[in-house]
Structures are given as structure tokens and as C-alpha cells.
Amino acid sequence: QSRELAQTITDVLAVLRETAVAAEPELGRLDAIAGDGDHGQGMSYGTTGAWRAAAAALARGAGARTLLVRAGEAWSEAAGGTSGALWGGALSAVGAALSDDAPAGSADIVRAVEHGGQAILRLGGAEPGDKTMVDALVPFTTVLSERFASGEPLPRAWTRAAEAASHAARATAEIPARRGRSRVLGQKSVGTPDPGATSFALLMSAVAESGLL
Ligand code: ADP
Ligand code: MG
Ligand code: MG
């Protein structure tokens, strides 16, 4: 049961990696406008490191919890930047909310994802409106939790949540950046969506479309 979950999580990480690698040039372009241009590379390296660590853990017979904690550590290490540390911390937090042996149902998965989202808020300290990945994360977890609580099956709730994240990521184009960048660069970012919010929405949409949920 948990081994099946560990396999599915590894497959999801492979989807994240494919998506990040394909989006690398565009994410780099967005980050170059008001940041340092490395977000595409960071997401490619991070997802690749996470997927490799998960595959290795799976081969050793690791359960979902151990596998995700390792994958998160590998993401942070491989990516290097701010978003890598936050994604890595989130993945490890998702893992910490799961078990290595007990089977996980949809409700456990939603709860674990909420836990991962909370790790990003806690570690990064950003709030909605700061023009960061939090602007896509918060609508994602809110819609996921609400839809699931109201009885929608996980795949449908996830699709709605990914749509909300995509909409919110596009809307970050209108706000000047406040966090992780100077004010001058912040003004320069008006008209361009936040790279981290954009990649978050892309990755969650890819999971929705993967058929793995
Ligand atoms: P770096 O800024 O170290 O070069 P990346 O380019 O990979 O890292 O990531 C930049 C993205 O990280 C931003 O677009 C933003 O979405 C996200 N980010 C930056 N600081 C924070 C924070 N404190 N909380 C949440 N997300 C953040
Ligand atoms: Mg950057
Ligand atoms: Mg950087």
C-alpha cells in the first residue's frame, strides 16, 4: 500500500521534472526581468535532484515519508536558490505528514499538502500580495481543501485548485515585487508575472493533467 504510494510519488516527481525542464527558458526569462535569471535552472536542477533521490529511495524500499523527506533535501541542495529551499522544505513537510507503512487515503494526502504549504509560509515569511510563489500557493491550498471538504474527489479538487493557482499567478503581473528584490527592481517587475508563482501553477497543473492522482 505505502509502497504503491511511494511509487506514485516518484512518478509525480518525474512529471514535475519534465515540466520544469520544458519551462526552463521561459522561467529564466521571467526571472531575468526583475530577478537574477536563474529560476528556470533552479527548478530544473531542483526537480531533477528530487526525482533522482526519490527513485534511489524507492529502489531501497523506502516508504512515502522517508522518500519525500529525502527528495526535499535533494531539491534544496540541487537547486541552490530561495525557491529551491522553499520547495525542498515543502516536500519534506509533505513527507513528514505521511507514514512509511500506513496506507494514505485522499484525506491524508490533502492534509499532507496543506502541511507542505504551511512550511513555505513559515520558512519564507511572505504574505499574499508580496509577489511570490505564495500568491499561487495560497489559492491552491485553499481551493483544494474547500473542494475536497465539500465532497469532490481529489483529482477534481486538484484540477480546480491548479486553475485557481494559474489565475492567481497571472494576476501577479500587476503587483510590484516586495520580497527578495530591491524596490527599483520591484517596479521593473510590473507587467511580468512572478517566476515562482508561475512555476508553482505550472507544476500543480501538470500533476492535475498527469492522471496520477
Ligand atoms: P533566487 O531568488 O534565490 O534566485 P529563484 O530564482 O529560484 O531563487 O526563485 C525566485 C522565486 O522565489 C520568486 O519568483 C518568488 O516566487 C520566490 N520567493 C522569493 N522569496 C520568497 C519568500 N520569502 N517566500 C516565498 N517565495 C519566495
Ligand atoms: Mg532567481
Ligand atoms: Mg539566484
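Bear in mind that the values in this text are calculations on the coordinates, not laboratory data. Bear in mind the structure is a predicted one, so any value in this text is a computation, not a measurement. Cβ sites come from the backbone with ideal geometry, for glycine too, and all protein chains shown count toward neighbours.
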Could you give the dipole magnitude of the range 1-141 about its Cα centre, charging the beta-carbon of Lys and Arg +1 and that of Asp and Glu -1, in debye to the nearest 20? 340
Over the chain, the sum of -39500 (n - 2.57) across DSSP H runs of at least four, divided by residue number and rounded to 500 deg cm²/dmol, gives at 222 nm -25500 deg cm²/dmol
For the range 123-185, averaging the sequence separation of alpha carbon pairs under 8 Å that lie six or more residues apart and dividing by its residue count, the contact order in percent is 42
In the chain, taking the dipole from +1 charges on Lys and Arg beta carbons and -1 charges on Asp and Glu beta carbons about the Cα centre, the listed residue (SER106, THR66, LEU213) farthest towards the positive end is THR66
How far apart, in nanometres, would the label points at GLU18 and GLU127 be if each is projected 7 angstrom from Cα along the Cα-to-Cβ direction? 4.0
Given an 8 Å cut-off on Cα distances and at least 6 residues of separation, report the relative contact order of the range 1-148 as a percent. 20
Whether the chain is rounded, prolate or oblate, judged on the alpha carbon gyration tensor where a/c under 1.5 counts as rounded: prolate
For the range 125-142, just list the computed ³J(HN,Hα) in residue order, Karplus coefficients 6.51, -1.76 and 1.60, θ = phi - 60°, integers in Hz, with x standing in for Gly and Pro. x, 7, 10, x, x, 7, 6, 9, 4, 4, 5, 9, 4, 5, x, 4, 5, 5
So which residue, out of THR198, THR47, THR82, gets the largest mean-square fluctuation from a GNM of the chain using Cα contacts under 10 Å as springs? THR82
Using a 10 Å cut-off on Cβ atoms, rank the peptides 161-172, 140-151 from the highest mean neighbour count down. 161-172, 140-151
So what are the ³J(HN,Hα) numbers for the range 71-82, from phi and the Karplus equation (6.51, -1.76, 1.60; θ = phi - 60°), rounded to whole Hz, Gly and Pro as x? 4, x, 4, 5, 4, 4, 5, 6, 7, x, x, 4
In nm, spacing of pseudo-spin labels at ASP101 and ILE33 (7 Å Cα→C-beta vector): 5.2
